[in-house]
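The block underneath contains the structure these notes are about, expressed in structure tokens.
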Amino acid sequence: MHLRINLNIFGPALSTSFDTSTSEPMTLSKARCGERLRVIGIRSSSPECIRLKEMGFCESVEVCKVVDGAALICQMRGVRLAIARDLGADVMVERIGR
């Protein structure tokens, strides 16, 4: 979504566009620590991915990646959850505003 603002102060109109949309989708594995993220989908239907969905890792949930090591530790709804790095590659996220 783009926000268009027209400024008409003592002269010709000045038009400025601001991009208010969220960022490009990426995997949870590639996201940086500390960023506010929103889950936009899970790409696989493996038993592990189904279990993630059952635990609440589903579309539109906000998540913050806390640790990026052999396992990814994420905070979601006040709970920290560790998932395998390869499983994080199946979770699609987008950055959300601060």
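Quick note: the coordinates plus some simple rules give every number you see, no bench work behind them. None of these values were measured; they are calculated from a predicted model. When we count neighbours, we look across all protein chains shown, and the Cβ atoms used for this are built from the backbone with ideal geometry, even at glycine.
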Which log10 I(q)/I(0) values does the stretch 23-95 give at q = 0.12, 0.16, 0.19, 0.26 Å⁻¹ under the Debye formula, counting every alpha carbon as one identical point scatterer? -0.24, -0.44, -0.64, -1.33
Would you grab the residues whose amide H sits under 5 Å from the one on residue 29? Only those 5+ places off in sequence or on another chain, please, with H modelled 1.01 Å from N. 89, 91
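Give the order of 29, 46 when sorted by the count of other beta carbons within 10 angstrom, beginning with the fewest. Walk me through the intermediate numbers first.
On the way: 29 18, 46 12.
So the ranking, lowest neighbour count to highest, is 46, 29.
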Contour minus Cα-Cα span, residue 32 to residue 51, at 0.36 nm per residue, comes to 4.5 nm
Hey, with R₀ at 30 Å, roughly what FRET efficiency would residue 24 and residue 61 work out to, going by the Cβ-Cβ distance, to 0.05? 0.95
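Please rank 86, 68, fewest neighbouring Cβ atoms within 10 Å first, as an exposure proxy.
Details: 86 10, 68 18.
Listing 86, 68 from fewest to most nearby Cβ atoms yields 86, 68.
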